[in-house]
Structure formats: structure tokens, C-alpha cells
Amino acid sequence: MKIVDTQAGVGLIEVMVALLLLAVAVLGFSAMQMSAIKATDESLMRTRSLAIMRGGAETMRTNPSGIAAFKAAINGTSDTVNIDGKNITKDSCLTSANTAPTAATSCTINQLATRDGLLLKSYANANDINIGMVPGGCPGTSGNQELQCFVASWGDTTVELSDTEPKACAKANGSYKNGAECFIMEAY
């Protein structure tokens, strides 16, 4: 009696189907892992930008008379600003514990505020964050006390509030644009 083997090659097909299913599962897992990494990076940038903006708000509170100079330094494009005939950088106006302040190291309120703004901007840039302040205060706010708005952005998003600029953080009225990677924080 002769037995016909009708199962020839079926085992190989089963193995190939199993490998195909495993490959699809591994690709799905890889995509999920990439999403998790992107979410972690976004969370890190949000945490950094909030810390920077909180530091800026505290700096403004310590020197309320210099808010205009602080804002000008943050919104400016230069790393050196001339205030009252003195070139101010992020390293200006510093004294060590062993030396008394001199005319070369002592600074006015506006010079200190400018130095603080340049230092904050430098720290933000070192962390791949753009920082700025909204000119004229926060949109949609009014009252006796003018609120200042910090804007921190990362990636391709700019710190602008504009209805026409496609990469701006928010519209001119202060509402976030879809897909913008930024924060707006009120400070006073």
C-alpha cells in the first residue's frame, strides 16, 4: 500500500506566515516606541520652557523698574546691548565675593535688567528654546496692572503672535495655532 504525502511544503508555508505576522508585530512595536520617544521629547521641551519662563517672571518681580529693559533685551537680536554708554552682555555687572563692586562692575537698574534678559535668552538658546515677550503686554487683558506675556517655542515654531505667519506660536488674539510647539505664560 502506497501512502501519498499531500502535506509536502505546508510546514514551510506555516513558518513563512508566522514570520510575516512577527514582522508586522515588530514594525507596530517600533512605531509605538517612536511615538513614545517623541512624546518624551515634547514633555522635556515643555518642562524646560516652563522653568525658563518662571525664572524670567521671578527676575521681573525682583526688578520691576527694569521690565522695559528686560523685555528689550529678550526681544533683541544682539548679545550686547549699550545702556547708558555701557556695553552690557550676559556676563556684565558681576562681582565676586572677594571683591567690592567698582564703577566697572556696578550697574544701574536698567543695565541689570538688560543683563538678566540676555542671560535668560542665552540659557533658553542653550536648551534649543526660543524665548520672547509680547510687545505691548498680553493680548486680551486689561486692568490697572499690565500683564507681560512670555512666549517660549521650540522646533519650527516662532515666538510671534501673528494671524499671517504660518509658523507663529499663536494668533494675534493669543489663541494657539494648530500644531504649534510653544507655551505662552502671563507674568506680572
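See the values below:
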{"item": "Odd one out for residue 19 among (1) modelled with pLDDT under 90; (2) open to solvent by 50 Å² or more (accessible area, probe 1.4 Å)", "result": "(1)"}
{"item": "Matching residues in segment 42-76 - criterion: being surrounded by 12 or more Cβ atoms within 10 Å (Cβ to Cβ) and acidic (Asp, Glu)", "result": "42"}
{"item": "First in segment 34-59 and at negative phi, second anywhere and part of a helix (DSSP H, G or I) and open to solvent by 80 Å² or more (accessible area, probe 1.4 Å), Cβ under 7 Å, 6 or more apart", "result": "52/123"}
{"item": "Failed item, numbered, when residue 79 is tested on (1) assigned to a helix (DSSP H, G or I); (2) open to solvent by 80 Å² or more (accessible area, probe 1.4 Å); (3) not hydrophobic (A, V, I, L, M, F, W, C)", "result": "(1)"}
{"item": "Check on residue 89, open to solvent by 20 Å² or more (accessible area, probe 1.4 Å), modelled with pLDDT of 80 or more, touching a strand residue (DSSP E or B) at 6+ places or on another chain (Cβ under 9 Å) and not acidic (Asp, Glu)", "result": "yes"}
{"item": "Pair list, Cβ < 6 Å and 6+ apart or interchain, from segment 125-139 residues that are free of Cβ contacts under 8 Å to residues at least 60 places away in the same chain and over 13 Å from residue 185 (Cβ atoms) to residues that are open to solvent by less than 10 Å² (accessible area, probe 1.4 Å) and not β-branched (Val, Ile, Thr)", "result": "130/153"}
{"item": "Residue count for segment 92-133, restricted to those that are open to solvent by less than 30 Å² (accessible area, probe 1.4 Å) and at pLDDT 90 or above", "result": "13"}
{"item": "Residue 140 being open to solvent by less than 50 Å² (accessible area, probe 1.4 Å) and farther than 17 Å from residue 42 by Cβ", "result": "no"}
{"item": "Matching residues, segment 135-156, being modelled with pLDDT under 90, part of a loop (DSSP other than H, G, I, E, B) and at negative phi", "result": "135, 138, 139, 141, 142, 144, 145, 146, 147"}
{"item": "Residue within segment 111-120 that is closer than 26 Å to residue 84 by Cα and in a loop (DSSP other than H, G, I, E, B) present", "result": "no"}
{"item": "Segment 171-188 - residue that is touching a Ser or Thr at 6+ places or on another chain (Cβ under 8 Å) and outside any loop (DSSP other than H, G, I, E, B) and, of those, surrounded by the fewest Cβ atoms within 10 Å (Cβ to Cβ)", "result": "186"}
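Conditions tested, residue by residue: (1) β-branched (Val, Ile, Thr); (2) under 18 Å from the mean Cα position of the chain (by Cα).
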| site | (1), (2) |
| --- | --- |
| 111 | no, no |
| 117 | no, yes |
| 122 | no, yes |
| 125 | no, yes |
| 129 | yes, yes |
| 133 | no, yes |
| 137 | no, no |
| 150 | no, yes |
| 170 | no, yes |
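The values are calculated or read from the model by the stated rules, or taken from the named source; none is laboratory data. Computed from a predicted model, the values in this text were never measured in an experiment. With ideal geometry, Cβ positions are generated from the backbone for all residues, glycine too; neighbour counts draw on all protein chains shown. For the accessible areas, the whole protein counts, side chains as well, though only heavy atoms, and no ligand, DNA or RNA atoms are used. Shrake-Rupley method; radii C 1.70, N 1.55, O 1.52, S 1.80 Å.
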